Each structure stands twice: as C-alpha cells, then as structure tokens.
Amino acid sequence: MKRAWIRLFRRNRKDKYGFPANSILIDVSLKEDYEQAHLVEAISVPVDMINELFESLQKMPATIVVLSTSDEVSNLACKVLNRRGLVVFNGGDWRRFRNEFAYYSKSN
C-alpha cells in the first residue's frame, strides 16, 4: 500500500512553477524567433505547424508545457491543442524563465 502511494505521489508532484514534474517543454514561437533565442530544453514546434505535428505531440511520453515569445501565442496554441483533446499546460512567455533555465541567444 505504501509503495503505491509513493508512486502516485511522485506521478502527481509538481515543480515550483506548478507544472507536472518531468514535463516536456515545447516552444511554439515562429521559427525565426526560436532561432534568435529559446530555452535550451525546449523543442521547437512553430504555432503554424501544430496541426501537422499533432500526432507526434500526442505520442509524447510526458506532460507538455507550451511556451512562446508571447503569452498570446502560447495561449492560442494551448486552445488549439485542447480542442483536439490534448491536455497541455500554458507556460506563457518563456523569457520569464531565463534566470531559471539555460537559454540560447544569438546575441550572446
């Protein structure tokens, strides 16, 4: 009984941002914006490619957190994915996490 509870607890725990632990970060910024700067851990899935890549997103083994260079774009992407039945978390503008995660920038 105790082991089952521990497994359930680990599966449901969240990181300090409220996202499920071991989430996959996807950046839905336009390709040009992603190439300029992005979180190192984030996978590029441009917002205009979401429908084409939906099946790949469905097969991801962990919870998806959607990020972008703007809150509006990440919110739009989340709405599209939610309407298609995929549960995702909206991380909003990834730049708010710059001090927490490693990121790449062409200007560095």
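Bear in mind these aren't lab numbers, they're just calculated from the coordinates by the rules spelled out. Since we're looking at a predicted model, the values are computed, not measured. Here the Cβ positions follow ideal geometry from the backbone for every residue, glycine too, while neighbour counts run over all protein chains shown.
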How about region 24-38: which of its residues are hydrophobic (A, V, I, L, M, F, W, C) and farther than 11 Å from residue 69 by Cβ? 24, 25, 26
Reported set for region 24-56 where residues are closer than 16 Å to residue 88 by Cβ and assigned to a helix (DSSP H, G or I) is 47, 49, 54, 55, 56
Entirely in region 62-108, the strands (runs of 3 or more DSSP E) that have 1 or more residues that are crowded, with 19+ Cβ neighbours inside 10 Å and of a type in the set (Gly, Ala, Ser): 64-68, 88-93
